[in-house]
Amino acid sequence: MIFVTVGTHEQQFDRLVEYIDKLKQDSTIGDEVIIQKGFCTYEPRYCKCQKLFSYSEMRRHMADARIVITHGGPSSFIAPLEMGKIPIVVPRKKEFGEHVNNHQVSFCRAVAERQKNIIVVEEMHGLQKIIEQYDSIIAGMCSEMRSNNDCFCIGFSKLVKEIL
């Protein structure tokens, strides 16, 4: 199953929802698709969807999903990471009326560069290839969530062991 969430931001993210629905229509996506569509105006015809899910339903869908596709909101892509999953993150863009500015684009780029545990797709035409090759792409990625404190403690422990 593929779970798609666009969050609860009051601007639409029709670009993502419509693209996923088209991939399902064309049978490019064979998996069942469930979409949390928020304030999108596009109504999917080939995917199951609901405007909003409760927190527990969101967690259940993410846990059950083979692939989780999210917008660039931190809460939406951190949740699958906490479950050991590598999310595909499609940042909302101002030019499409999806957000007030492009902070999701720059934030997601920074997280991907620094943590290397999310797949950022900025151009919708690249999403199909990522979905098709998802399993091979994530094979070499680390899905662990490590805070700076965790990284420091691991490094410090190694240093102490070397000294002793």
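The values are calculated or read from the model by the stated rules, or taken from the named source; none is laboratory data. Computed from a predicted structure; not experimentally measured. Ideal geometry is used to build each Cβ from the backbone, glycine not excepted, and the neighbour counts take in all protein chains shown. Surface accessibility is based on the protein's heavy atoms, side chains included, excluding ligands, DNA and RNA. Shrake-Rupley method; radii C 1.70, N 1.55, O 1.52, S 1.80 Å.
Hey, any idea what % of the chain's accessible area is carbon plus sulfur with a 1.4 Å probe? After summing per-atom areas, the C and S share lands at 53 percent. Per residue, the accessible area of the chain comes to 55 Å², computed with a 1.4 Å probe over protein heavy atoms only.
Applying 0.36 nm per residue to the separation of ILE163 and ASP64 and subtracting their alpha-carbon distance, the gain on full extension is 31.1 nm. Calculated from the structure at hand, log10 I(q)/I(0) by the Debye sum over Cα atoms at q = 0.12, 0.19 Å⁻¹ is found among (i) -0.68, -1.10; (ii) -0.49, -1.37; (iii) -0.53, -1.23 as (iii).
Nearest 10 degrees is fine. How inclined is helix 14-25 to the longest principal axis of the chain, computing both from alpha carbons? With rounding to tens, the tilt is 80 degrees.
Legend: residues ARG59, ARG114, ARG109, ARG92, sorted from most to least accessible area (1.4 Å probe; ligands, DNA and RNA excluded), read ARG114, ARG109, ARG59, ARG92. Note on the chain: Lys pairs 8 or more places apart or on different chains, Cα atoms under 23 Å apart, count 27. For the chain, the longest principal axis of the Cα atoms and the long axis of helix 55-64 meet at an angle of about 80 degrees. Only Lys, Arg, Asp and Glu carry charge here, each on its Cβ (+1 for the first two, -1 for the last two); on that basis the chain has a dipole of about 260 debye about its Cα centre.
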